[in-house]
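The values are calculated or read from the model by the stated rules, or taken from the named source; none is laboratory data. It should be emphasised that the depicted structure is a prediction, and the values quoted were computed from it without experimental measurement. For neighbour counting, all protein chains shown are included, and Cβ atoms are generated from backbone atoms with ideal geometry for every residue, glycine included. When the accessible area is computed, the model is the full protein with side chains, heavy atoms only, and any ligands, DNA or RNA have been set aside. Shrake-Rupley method; radii C 1.70, N 1.55, O 1.52, S 1.80 Å.
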Amino acid sequence: MCLAIPSQVISIDKSKNTATVETLGVQREASLDLMQDEIKIGEYVLLHIGYIMSKIDKEDALESLKLYQQMIENMEDEEEYVDPLYKK
Amino acid sequence: MKKNMSIHSTKNSAFLINSFRDKNTILALAEKIVIESKKLPHDLYMMEVCGGHTHTLMKYGLTKLLPKNIHCIHGPGCPVCIMPKNRINQAYEIAMQKDVILLTLGDMLKVPGSKGSLQHARSLGAEIGFLYSPLQAIEVAQKNPNKKVVYFAIGFETTTPMTAALLQKAIELKINNLFFHINHVLVPPPLYTILDSKDTKVNSLIAPSHVSVITGSKIYEPIFEKYQIPIVVSGFEPVDMMQSILMLVQQVVNNTPKLEIQYSRVVNTNGNLKAQKLVKTFMETREEFQWRGLGNIPYSALRLKKEFAKYDAEIIFDSILSKENIQDNRACRCGDILRGIAKPLDCKVFGKSCTPQNPLGSCMVSSEGACAAYYKYGYTN
């Protein structure tokens, strides 16, 4: 019910205040009626029941991924401290 | 390094999603949680408020990766689960009118009221439609000028602005045959009910993702101030949830409870102000609303303001709507599960007389309910 999906803006129709967004290869129209910020083609947004509810900062998302990646690398360095019960 | 390179080379959202489900990342976070949890001064009872979080925990088997002193309590954040029977009965009664088309979202069609589910009403000839987006209600109303089209609006703060935007559009387009049966509910009031309850064990919260995109994290500030418990606004992906759990554990270990945002990709303090303004334009809080499993919680739901009465299905159909509250099934422990006192497996009817095909209680009804998630992902006695 509350799941919203990251989608990329493909095109914008200013007259209808809608955008065409692509979600995992599927394109559909979404309303911009709830958006306060201007959206540009190519940007990532969060789509929920036909409405774009916010932008997703792509840099932020990639930065989070980098942090997770670093965490894995750190974990590998600290391997001897890991409880063997939880080694998978 | 390979993975880092692929992060920078990707250009599509599919990759983003896949990374947040990366098994190695999840396991690395689990290991870190296990190490940190050894320093916990007491057991951690985390309530994941949102049904989507419950679903993620079960689907990816995350609860199995957690140490024994960390407990997941499945909260009241599934809008389908908490819908009381009397509201479903009202939808049923409206749908059974011969000149009506009733429209709704999600799993609402399957939820049993005391007269039957909306699916049952449909089998009796009622015109009931399931929408991908509330906006489709406009098309249905335009194509059926001789019918009363009723949008049975459900959901927390996430879906409420969409209902407000739909009403605004209907007014702009001068559509006079679209009506709203409003069942929008608010996240904070049931949290106070749960945290105030004497027997609750909940001592930390994983706050909802997309409710918070709309409201901002500020809606949890009064809760934090009152109870001084760790609160983390978490994303939906398994990696998000594991990172959020780690953040909660670290807050307790360091004795620094606070309100943090893990899901900073899309959540900030103030939220979507335009959406909040739209909701305030059209809706106000109700004095009372009966939650399935939790009972009456004052000021926990919304209704249309009086000036929009001509769009309000509760007023238009007032003469045919039953008003009395209906008690929950006594054998079912949904209320205790929502308060964090019981787990689905503690309920005697779980998986026996209560299954997703034949749900007795609210937690089994929607796929986001705690019992439905336990059932689907094979958590049995």
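Values as computed for the structure displayed
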{"quantity": "Complete set of residues in the range A:25-51 that are under 22 Å from B:Leu105 (Cα atoms) and either part of a loop (DSSP other than H, G, I, E, B) or more than 10 Å from chain B (Cβ to nearest Cβ) (or both)", "calculated": "A:Val26, A:Gln27, A:Leu32, A:Asp33, A:Leu34, A:Met35, A:Ile49, A:Gly50"}
{"quantity": "Of all residues making up the range A:52-61, the number that are more than 7 Å from chain B (Cβ to nearest Cβ) and in a strand (DSSP E or B)", "calculated": "2"}
{"quantity": "Test for B:Ser367: is it open to solvent by 20 Å² or more (accessible area, probe 1.4 Å), within 14 Å of chain A (Cβ to nearest Cβ) and either at negative phi or among the hydroxyl-bearing types (Ser, Thr, Tyr) (or both)", "calculated": "yes"}
{"quantity": "Members of the range B:178-209 that are at pLDDT 95 or above, surrounded by fewer than 20 Cβ atoms within 10 Å (Cβ to Cβ) and of a type in the set (Ser, Thr, Tyr)", "calculated": "B:Tyr192"}
{"quantity": "Residues of the range A:6-19 satisfying the condition of being at pLDDT 90 or above and within 16 Å of the chain's Cα centre (by Cα)", "calculated": "A:Val9, A:Ile10"}
{"quantity": "For B:Ala141: the one exception among (1) within 14 Å of another protein chain (Cβ to nearest Cβ); (2) buried (at least 23 other Cβ atoms within 10 Å of the Cβ); (3) at pLDDT 95 or above", "calculated": "(1)"}
{"quantity": "Subset of the range B:232-250 [in contact (Cβ under 8 Å) with a residue 40 or more places away in the chain and small (Gly, Ala, Ser)]", "calculated": "B:Ser234, B:Gly235"}
